[in-house]
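Peer 1: Pasting a structure below so you can have a look.
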Amino acid sequence: MIVGIDASNIRAGGGLTHLVELLRAIEPSAHGVEEVLVWGAAGTLNRIEDRPWLVKCREASLEKGLLYRSVWQRFQLSGLARRAKCDVLLVPGGSFGGDFHPIVTMSQNMLPFEGIELRRFGWSWMTAKLTVLRIVQTRTFQQADGLIFLTRLT
């Protein structure tokens, strides 16, 4: 099995830490995974430890702003995943605009879905950003073949 990972919108903070630690902890061969490809910016890929089963795919468009990254993800990533013969694409950032399937995505940030918390920002760029994020992530979650929520079971 070949697993692709879309790290196009993972650049810093908790999302990057989570991806780095996930790749550090997994043992792909124990689950029938032969290869893991990660598409991302140089800064993201440099934080990920080299492993024999890991292929880091640096994309120049991912070094640029949100518009370039979004266009790359929407129009390039699905074709790259197909050419690499990926069996599944993991989208840990929670937002995906391509047409590749199957995809598995993750919800790592509940703030866009918490109305009370969102209102604390008032009318601001952060409110607009989180509102757009809620719309995009809701669409991604609805279209995903698998969805992971990071929660602690008690």
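Peer 1: So for the chain, averaging the separation of alpha carbon pairs under 8 Å that are six or more residues apart and normalising by length, what relative contact order in percent results?
Peer 2: Answer for the chain is 22 percent.
Peer 1: Additional query: Separation of region 94-144 and region 26-91 by C-alpha centroid, Å?
Peer 2: 21
Peer 1: Which distance in nm do the two modelled labels at residue 25 and residue 143 give, with both placed 7 Å along the Cα-to-Cβ direction?
Peer 2: 2.9
Peer 1: Same structure again: Quick check: at a probe of 1.4 Å, how many percent of the accessible area of region 1-140 sits on carbon and sulfur atoms?
Peer 2: C and S fraction of accessible area: 59 percent.
Peer 1: Give me a comma-separated list of calculated 3J(HN,Hα) values for region 134-139, in order, Karplus coefficients 6.51, -1.76, 1.60 applied at θ = phi - 60°, integers in Hz, x for any Gly or Pro.
Peer 2: 4, 5, 5, 5, 4, 4
Peer 1: Full extension from residue 18 to residue 50: what is 0.36 nm times the residue separation minus their Cα-Cα distance, to one decimal in nm?
Peer 2: The residue 18-residue 50 span can extend by a further 9.9 nm.
Peer 1: To continue, here is another question. Which of the following values of percent of Cα pairs over 19 Å apart was calculated from the structure shown: (1) 48; (2) 55; (3) 61?
Peer 2: Here percent of Cα pairs over 19 Å apart agrees with entry (2).
Peer 1: Express in nm, to one decimal, how much length is gained between residue 83 and residue 70 on full extension, taking 0.36 nm for each residue of separation and deducting their alpha carbon distance.
Peer 2: 2.7 nm
Peer 1: What does the helix-only formula give at 222 nm for the chain: each DSSP H stretch with n ≥ 4 adding -39500 (n - 2.57), the total divided by the residues, and the result rounded to the nearest 500 deg cm²/dmol?
Peer 2: On the way: 6 runs with 56 residues, N = 154.
Estimated from H runs of four or more residues: -10500 deg cm²/dmol.
Peer 1: Provide the per residue accessible area, probe 1.4 Å, for the chain, rounded to a whole number of square angstrom. Could the numbers behind the result be given before it?
Peer 2: Working: 9080 Å² over 154 residues.
On a per-residue basis, 59 Å².
Peer 1: Between residue 58 and residue 129, with labels modelled 7 Å along Cα→Cβ, what's the label distance in nm to one decimal, could you check?
Peer 2: 2.6
Peer 1: For the ranges 67-73, 92-98, 123-129, 48-54, what's the packing order if you count other beta-carbon atoms within 10 Å of each residue, average per peptide, and put the highest first?
Peer 2: On the way: 67-73: 16.6, 92-98: 21.1, 123-129: 11.0, 48-54: 12.6.
Put in order of decreasing packing, that is 92-98, 67-73, 48-54, 123-129.
The values are calculated or read from the model by the stated rules, or taken from the named source; none is laboratory data. All of these numbers come straight from a predicted model, not from anything done at the bench. With ideal geometry, Cβ positions are generated from the backbone for all residues, glycine too; neighbour counts draw on all protein chains shown. In case anyone asks, the SASA skips ligands and DNA or RNA and just uses the protein heavy atoms, side chains included. Shrake-Rupley method; radii C 1.70, N 1.55, O 1.52, S 1.80 Å.
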